[in-house]
Structure formats: C-alpha cells, structure tokens
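K.L.:
Handing you this structure, nothing more for now.
The values are calculated or read from the model by the stated rules, or taken from the named source; none is laboratory data. Bear in mind that the values here come from a model prediction, so they are computed numbers and not experimental data. Cβ placement follows ideal geometry from the backbone for every residue including glycine, while neighbour counts extend to all protein chains displayed. What goes into the accessible areas is simple: the full protein's heavy atoms, side chains included, and nothing from ligands, DNA or RNA. Shrake-Rupley method; radii C 1.70, N 1.55, O 1.52, S 1.80 Å.
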Amino acid sequence: MKRMRWKQAGFMLPSLLGLTAFFLVPLFYCVVFSVSRTFGQFRFAGLDNYLSLMNSKAFRLAYGNTFVLMTGYILALLALSLLVSYVLESSKGAMAFLAAMSAAMFLPSALIVRFVDLLPGGAEKAPRLVFLFIFLWKHIGINALLLRSASNRMDPAWREAAQIDGAGKGRFFRSVEFFYLLPYIKFLFIFDTTCFFKLFRESYLLYGLYPPDGVYMIQNFFFNNFENSNYQRLSSGGIIAVLTLFIVNLLVYKAGEKREVA
C-alpha cells in the first residue's frame, strides 16, 4: 500500500511542480507587487495601489466593459446553444452538422477580421455587436455539440415516462432535460469565460491597443500598463480580475445545485 502511494505521488509530482512554477509562484509575486511602492525593492504600500487603481477612469471602463460584456455574451451564447441543441434533437446527422459548426472555433483571427472588414461600417458603428457576432460564430457550434452529446446520454426511460404522462417535448425539456443539462451548462459557462478573453486577438487586429470605449476591456488596460512598465497597477488589476472571476465561477458552480438531476 505504501509503495502504491509513492507511485501515485510520483505521477502527481510533475503536475504539482508545473502548478507551482507557472501559477502559484507568479500569483505570489503578483500579490507582492500589488502592495509594493516600487518594483524590484519591496516597500509596503498597503492598499494604496488598489485605491489608486479604483480612481482610474481607464480601469473602471475596462473592468466594467469586460464583466458586463462577458456576462451578456456568455448568456446569449448558452441560450442560443440550448436552442440549437433542442431544435436539432430529432434531426438525422445533427452531430455531424454541429461538429462541422465547431470548426469555426479554430478559424484564424486574421480570417475572421478580414470577413468583418467586408461588412459595411460594422466595425466602426457597432463594435459591441461585431464582437458578439464573432463570439457566437466561433463558439455556438462547440457549445451545442457538447449539449447535444450530453442529452444523448440521458436515460431514454425518462422521455418515455414523460410521453406516457402526456408531457410534450417542450414540457419535458423545461421540467427534466434542462436540469439534467445544468452541470454541463455550468461547465460551459466556465469554458466560455476563457474563450471570451480570446476576443482580444480580434480586438487588437480590428482596433489596435486603443479600441472604442464600448469595447475597451481589461486586456487592453493590462497591455498598455505593461508597455509603460507600471507593474504595481498591472498587478493590482490582475488580482482584482482574478478575484472577480473566482467569485463569478463559484456562484455559477453553486447555482441550481439542489435542482440538478443526478
């Protein structure tokens, strides 16, 4: 038994070393810089850097845009993904069609930006709608594919019992299937959060480092402060962003726990 435990520890060691080297140590230094007055020589500043950051109009704009757009875009994506999965439920070749749609996730950003440039004035007049279009285009396929795959694993006896009781397709989806899919929806929310931050590539190609105010996000703020070597402000903003993401993901993870179908 002891030998087996040592073998298990040996398999886990590379992962623990990677987690420590590439996440825990950088996070520790980020916290240190966020409460330091100077870079390179630690002089405790308390919460001064955070208070200064909160007084920054650029940070408030970037922070607000990021989390408002992220929430709105992801909820729209999940709703449309559920709709697509629901509509294609009994269609032959639905999985193949959704797999083909998923290929949009791997399209090069330069190709997507080139297509957006062909739209008459869209990138300038409605940048938020342009970003929403790109986000939905790239990720609705993979989201709907995962939801359809999860639905196909559901016990067929549940649907048969619902039909015997007179429940239609819509009633069964609202009362049973949705709650069965809830753990997968919560996973997709967290997955789509990481995908949202990849919009910075299209943002940079479309607008450079200073996009319109409506789509000026936290990545733009970080990039600009990195170029200016303002590591205290960069670290403070990073800590605030990480804490916000942690709280959002925790709330999503806890949401609807009691109503999930086992």
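K.L.:
List the number of the failed condition for Arg171; all other conditions in (1) more than 19 Å from Leu77 (Cα to Cα); (2) out of contact with any Leu (no Cβ under 7 Å at 6 or more places or on another chain); (3) open to solvent by less than 60 Å² (accessible area, probe 1.4 Å) hold.
P.N.:
It is condition (3) that Arg171 fails.
Matching residues to (1) open to solvent by less than 60 Å² (accessible area, probe 1.4 Å); (2) touching a strand residue (DSSP E or B) at 6+ places or on another chain (Cβ under 6 Å); (3) assigned to a helix (DSSP H, G or I):
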{"position": "Ile190", "(1), (2), (3)": "no, no, yes"}
{"position": "Pro211", "(1), (2), (3)": "yes, no, no"}
{"position": "Ile239", "(1), (2), (3)": "yes, no, yes"}
{"position": "Ile247", "(1), (2), (3)": "no, no, yes"}
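K.L.:
Within segment 214-233, work out how many residues are open to solvent by 20 Å² or more (accessible area, probe 1.4 Å) and under 21 Å from the mean Cα position of the chain (by Cα).
P.N.:
Going through segment 214-233 one residue at a time, the tally reaches 5.
K.L.:
Which of the residues spanning segment 174-185 are surrounded by fewer than 17 Cβ atoms within 10 Å (Cβ to Cβ) and of a type in the set (D, E, K, R)?
P.N.:
Arg174
K.L.:
Residues to consider are Ala162, Ala99; find the one that is more than 27 Å from Tyr204 (Cα to Cα), without any contact (Cβ under 8 Å) to a residue 40 or more places away in the chain and part of a helix (DSSP H, G or I).
P.N.:
After applying the criteria, what remains is Ala162.
K.L.:
Can we say Asp213 is of a type in the set (Asp, Glu) and modelled with pLDDT of 90 or more?
P.N.:
no
K.L.:
Still on this model: Can you say whether Phe226 is modelled with pLDDT under 85 and in a helix (DSSP H, G or I), as far as the supplied structure shows?
P.N.:
Considered against the rule, which asks whether it is modelled with pLDDT under 85 and in a helix (DSSP H, G or I), Phe226 comes out as yes.
K.L.:
Pick from segment 40-64 the residues that are surrounded by 13 or more Cβ atoms within 10 Å (Cβ to Cβ) and either touching a Cys at 6+ places or on another chain (Cβ under 8 Å) or not in a helix (DSSP H, G or I) (or both): which of them is modelled with the highest pLDDT?
P.N.:
Only one residue fits best here, namely Ser56.
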